[in-house]
1. Is it true that some residue in the range 89-103 is of a type in the set (G, A, S), touching a strand residue (DSSP E or B) at 6+ places or on another chain (Cβ under 8 Å) and within 16 Å of the ligand (Cβ to nearest atom)?
2. Select, from I202, I216, I220, the only residue that is within 14 Å of the ligand (Cβ to nearest atom) and either without any contact (Cβ under 8 Å) to a residue 60 or more places away in the chain or among the acidic types (D, E) (or both).
3. Restricting to the range 438-459, name every residue that is in a strand (DSSP E or B) and more than 14 Å from the chain's Cα centre (by Cα).
4. Could you list, ordered by first residue, the pairs with Cβ atoms under 8 Å in which the first is in the range 30-58 and of a type in the set (A, V, I, L, M, F, W, C) and the second is buried (at least 22 other Cβ atoms within 10 Å of the Cβ) and in a helix (DSSP H, G or I), at least 6 apart or interchain?
5. Can you tell me which residues in the range 318-339 are aliphatic (A, V, I, L, M) and either within 15 Å of the ligand (Cβ to nearest atom) or not in a loop (DSSP other than H, G, I, E, B) (or both)?
6. For I348, state whether it is assigned to a helix (DSSP H, G or I) and away from the ligand (no atom under 14 Å from the Cβ).
7. For A117, indicate whether it is closer than 20 Å to Q25 by Cβ and within 16 Å of the ligand (Cβ to nearest atom).
8. State the number of residues belonging to the range 258-277 that are surrounded by 13 or more Cβ atoms within 10 Å (Cβ to Cβ), within 16 Å of the ligand (Cβ to nearest atom) and either over 23 Å from M317 (Cβ atoms) or not hydroxyl-bearing (S, T, Y) (or both).
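The values are calculated or read from the model by the stated rules, or taken from the named source; none is laboratory data. Keep in mind the model is a prediction, meaning the values are calculated, not measured. Ideal geometry is used to build each Cβ from the backbone, glycine not excepted, and the neighbour counts take in all protein chains shown.
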Amino acid sequence: MSKKVGIDLGTTFCAVAIYNESTKQPEIVKNRFGNKITPSVIQICDDGEIIIGDEAKDAFDEGDNGCITAFKRGMGENKPYAYVNGQGYTSEDLSAILLKELKEMAEETLNDTIDEAVITVPAYFFHKERQATLNAAKKAGIKVRMLINEPTAAALNYGIDHFRENAIILVYDLGGGTFDVTLLQMGQNKEINCLKTMGNHILGGKDWDRALVSYIVSLIESETGEYLNDDFAFINSLSGKVEKIKKDLSKATQTKVKLHIPNYGLYETIISREIFEQITKSLLDQTVTLCESILLESHLQWHDITDILLVGGSTRMPQVSSYLQKISGHKPLTLMNPDEAVALGAAIQTTLPLPKYNTYTASTNETIQKGQVKPEEKLTTVASIRVNDVQAHALGIIAVNSEGTYYENQNIIPANQEIPVKRAKKFKYYTSPNKNNEVDIYLLQGTRPILECEILNKYVISGIRHMDEPTTIRIQYSYDMSGMVHVQARQEDDNIDLPIREEPIEEDLSRFGQPIPKQKIKQEPTTVLFVIDTSGSMAGERIKEAKLSIKDFIKKLSLHNVTYGLIAFSESVTQVVSFSNRPSKIIDKLPSFDSGLGGCGTDADPFPTIQSMFNGIRGKKYAIVLTDGEWYGNARKATSTSQLCKDKDIQIIAIGIGEADIEFLRKISSMPADALKIDVTQLRTSFGNIAQSIGGNTTTREDISYSEVETWKAVDE
Ligand code: AMP
């Protein structure tokens, strides 16, 4: 029967563990040299042979140039991490080589095949690094059950034997290159809930090494007068040696250092733990500041913490434990071997059910709180413990602010959400009928302004259907159980995902930090109201031509951003279509729009209705009035009511056919030139001319989508 293992793929060491079902404990699977941990070192020999782990580490310690170490730091980078014999190796490739070796060694030890693994990653690993880890595993022939955050795995291992309901655990994880701090709470039913995680991915054991290098160099300079800062060869060799000095100082209170100084000879000195602690105090302070931030953000104080769990090789430095004890009043737990805890936790996770997207809804009289197990999921697993993890990074998207003046980072998934998690936001988008409607999405990490955030990826969403009105695109971000990000896009009302492709992020993104130019945002809306005489005399050709003219007019302005309305007047005034930027609303009404609507005579004055319809409408306002005769008793009144409309900046264009009187038309129109008396056969041409002149003053939909303005504003759910 094949086995599942947990793998800690560390920067300096790796470990493989398995869950022993008889002892109900996870245990380390030793490598072929009988060691519990395998150094993350790869040696590429001149003849092409590849040596991995313990032997490679020995070669590295002897100064072999073909050895590659700490390649986990370059995970997710699209360039070689190291060159040996002229060949470049990416961190992903190197991790694949290492993982394959770990798998083969574990299979030898277990005398069985390995079919699945849970692999640990730093909590601060983001999508690209996680993706690279998954790719490396695939290349190594390992099926990954899931990725788990290192501090979470450590807590899981700790929790299996030290579970105390409601205990709050702070996991302090100081590795070689990163520092993570995680707060967990033990819930009911043997559940560990990750509350928050934060980290500094450029703070780790390496910085303690660097501090030691600077100190030793300045000591040598002051004692020998030799200036060494520019001597790269010496600095390099010293950098390789300080890790050992640092480790010695974890065991002893002082250590002897012997160095060969160019132009000077042998130099000997004693370095005390006390001085080492002094020169690295600011680094330790940085870790404590982050611990205090996580407590502050969680409304907790040091005394609320039940236990501090130390994880990561650098927590072996005694200063970590003593300083934390001084600050917090708790003696940190060092009972676990920090090199093994993470792999052991991952081994436990191989036996647990895979976390699911939370779709469970509690019934009315049953509330499910964080930390409580859903009824149908009472634990039946071997390890009888489970962990709910969070993802450290908030995810946002670049969108236009509500005033349309700036671009801003709009949050979709806040930081520290329990994973897996899905969240969506909707955006307004103008389409065009004669181009590929595509929109660019920029995935942002964090909640800071756009240019201060890391832009993680650019996606292009295509296949957006053209709509007459602005359409709504729903963007969904999700973190899966391994902390991988997925992006989905849907057009409103569709249940099919729009195609998404990744594209390289442009070098120059400075436009996202600048105000959106005014002329781009100030496109005034245009509103056109058709005011059509539907008296009995309009019957036949006149009304038919009027309807065709309206249709042509709308078609001519189809690319423009125009809102339309339609009213009929005869013996009464009928509002047929209230204002809408969906022209199809008017087109749909035209077949049933006929003479006789509202009566047969022409008694009604449409201007009070025109005025009230335009009330509150901004931008350019046009009322196109078409009539074929006298307005009987209302003609006089109409000249004064039309004036009220003109006073409200409504441009009245009066078109007369049949028996209409040009003098009357001139009185009701905004300007004499806006009055027109024509033959019915010229109606479509005249409407076409008016459309053209209005179109010249109106932004097209295409202009709008190209200018990215008004489009990509969040719309309320
Ligand atoms: P990790 O990434 O958890 O494997 O931790 C690696 C880091 O732990 C490296 O910076 C090591 O130098 C450091 N480290 C390992 N053992 C010790 C030790 N005994 N004392 C001080 N630092 C150590």
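1. yes
2. Result: I202 is the single residue among I202, I216, I220 that is within 14 Å of the ligand (Cβ to nearest atom) and either without any contact (Cβ under 8 Å) to a residue 60 or more places away in the chain or among the acidic types (D, E) (or both).
3. The one that is in a strand (DSSP E or B) and more than 14 Å from the chain's Cα centre (by Cα): V439.
4. V41/A56; I42/A56; I42/F71; I42/L94; I42/L98; I52/L98
5. Matches in the range 318-339: V320, L324, I327, L333, M336.
6. Yes: the conditions hold for I348.
7. no
8. The total comes to 5.
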